[in-house]
Amino acid sequence: MASVIQAVRGMNDVLPDAAPLWQCFEDAVREVFAQYGYRPIQVPLVESTPLFVRAIGEVTDVVEHEMYTFEDRLNGESLTLRPEATAGIVRAAIEHNLTYERPQRVWTAGPMFRHERPQKGRYRQFHQCDAEALGFAGPDVDAEQIVMLGRLWRKLGLDGIVLHLNSIGDPDERRSHRAALVEYFGKHADALDADSKRRLATNPLRILDSKNPDLQALIAGAPRLVERLGTESRAHFDGLQQLLTDRGIGFDINPRLVRGLDYYNRTVFEWVTDRLGAQGTVAGGGRYDGLFEQLGGKPTPACGFAIGIERMVLLLQDAGHPGGRVADAFVVHVGEPAARLALSIAETLRDEGLAIVVNAGGGSFKSQMKRADVSGARYALIVGDDEVAARRVAVKALRGPAEQIALAPEDLAARLRSAH
């Protein structure tokens, strides 16, 4: 007997019992994002490797260690499974001149891929919802995206998600700050771990994001970029804070927040929870005004964010969210005439917008009632020889006490709607 083939480690199935929460989240995203004028866009799962190297940064953890990169057998081109969506969306915007006539608000959702150690809320194939505002320069769109996320949390009934906010300035300010960090951490090189020593020579801002508990006191004493911002960056950051305050959005200034991708400038933010252990960031993003030019396009300001869908589903489960729609009724039937009537009734009720599951595969009334109960449906509709003869349907509530009653088929829809 052949061995059973299993899913690749870190690439998980979404089974029917969990899928309703995914759908619930995606439905909420569509509704909320549409309220703010964000339109759907789709970009490929596979892109040319240089796209991500140029966009994300050659000395980032993502590019150095985590990308799934392979050679195209036909032409030898280096290709990569997308580790994030922003680079692909910007590439598409440049290629198709999306911002030629006006700025664009777009969003997408789908799988991303990073080769890293799988753990709760962190997988090798993971899913993100990504929103981008292309062609907007002011702090108003930064605030808009943060406020939009706050509305999404309320729509989903989630609380306890805290906003962390920082500014990492413009490139000149970051270069000056980089030199200050190299000087500071260089004086304490003996205290750095191997990873931070490597970053000291390549990307010292990433040392600030180290989770090594032995380095926290040292990192706390490092120079803070948010205290060294130039006039324009400071005005942008102050403006953002005022807009968020005006909208009643609380936030914590986190000077260590730098994000893991090199294309960010000025605003960076994360929404964080303490309910998911080490993987507490559920959404994050910021401004990336230089990325269009970096990828060969015209200078175009932009801001965006991504939401980790697996982490959101874990939060919804933790909050006891009921998930998506359950069936209004499960139709139980025995006998050929009853089966024909059952199918006719089911289609009529579906025409009325109701969700109806019809038993398939036969079985006794008893066994079918067990299936009806575990289906999650609110009602069982029972059709047998007696019901066929009388042109009536027995209706039994499955969620709570209620008498079994008999109704004419044309009265069923009103009865089932009354349960909502």
**Q.** Subset tally (residues that are part of a loop (DSSP other than H, G, I, E, B) and modelled with pLDDT under 95) for region 12-42
**A.** 7
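With the condition kept exactly as written, say whether any residue in region 332-340 is assigned to a strand (DSSP E or B), at pLDDT 90 or above, within 40 Å of the chain's Cα centre (by Cα) and surrounded by fewer than 20 Cβ atoms within 10 Å (Cβ to Cβ).
no
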Q: Look through region 207-231, keep the residues that are hydrophobic (A, V, I, L, M, F, W, C) and touching a residue at least 60 places away in the same chain (Cβ under 8 Å), and return whichever of them is surrounded by the most Cβ atoms within 10 Å (Cβ to Cβ).
A: 229
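Each row is one residue, and each column tells you yes or no for (1) closer than 30 Å to residue 236 by Cβ; (2) outside any helix (DSSP H, G or I).
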| site | (1), (2) |
| --- | --- |
| 286 | yes, yes |
| 297 | yes, yes |
| 303 | yes, yes |
| 306 | yes, yes |
| 314 | no, no |
| 317 | no, no |
| 320 | no, yes |
| 327 | no, yes |
| 330 | no, yes |
**Q.** Condition check for residue 270: surrounded by fewer than 16 Cβ atoms within 10 Å (Cβ to Cβ), charged (D, E, K, R) and either in contact (Cβ under 8 Å) with a residue 24 or more places away in the chain or not in a strand (DSSP E or B) (or both)
**A.** no
Q | Test: residue in region 401-412 that is surrounded by 18 or more Cβ atoms within 10 Å (Cβ to Cβ), out of contact with any Pro (no Cβ under 6 Å at 6 or more places or on another chain) and not acidic (Asp, Glu) | A | yes
Q) Does residue 16 qualify as being exposed (fewer than 12 other Cβ atoms within 10 Å of the Cβ), closer than 16 Å to residue 133 by Cα and not hydrophobic (A, V, I, L, M, F, W, C)? A) no
Q. Looking at residue 357, is it touching a Ser or Thr at 6+ places or on another chain (Cβ under 8 Å), buried (at least 17 other Cβ atoms within 10 Å of the Cβ) and on the phi < 0 side of the Ramachandran plot?
A. yes
Q.
With the requirement that a residue be basic (Lys, Arg) and either crowded, with 19+ Cβ neighbours inside 10 Å or in contact with a Phe, Trp or Tyr (Cβ under 7 Å, 6 or more places away or on another chain) (or both), what does region 296-325 give you?
A. 298, 311
Q) Does residue 45 satisfy being in contact with a Lys or Arg (Cβ under 9 Å, 6 or more places away or on another chain), within 18 Å of residue 291 (Cβ to Cβ), at pLDDT 90 or above and of a type in the set (A, V, I, L, M)? A) no
Q: Return the residue satisfying two criteria in turn: it lies in region 83-124 and is small (Gly, Ala, Ser) and in a loop (DSSP other than H, G, I, E, B), and of such residues it is nearest to residue 282 (Cα to Cα).
A: 121
Q: Could you check region 137-206 for helices (runs of 4 or more DSSP H) lying wholly inside it with 3 or more residues that are at pLDDT 85 or above and surrounded by 14 or more Cβ atoms within 10 Å (Cβ to Cβ)?
A: 139-156
(Q) Given the options 246, 262, name the one that is charged (D, E, K, R) and within 23 Å of residue 57 (Cβ to Cβ). (A) 262
(Q) Among the residues that make up region 233-255, is at least one of them of a type in the set (Asp, Glu) and either under 20 Å from the mean Cα position of the chain (by Cα) or crowded, with 17+ Cβ neighbours inside 10 Å (or both)? (A) no
Q.
Yes or no: region 235-244 includes at least one residue that is among the hydrophobic types (A, V, I, L, M, F, W, C) and either modelled with pLDDT under 85 or in a loop (DSSP other than H, G, I, E, B) (or both).
A. no
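The values are calculated or read from the model by the stated rules, or taken from the named source; none is laboratory data. Small disclaimer: the values here were computed from a predicted structure and weren't measured. For neighbour counting, all protein chains shown are included, and Cβ atoms are generated from backbone atoms with ideal geometry for every residue, glycine included.
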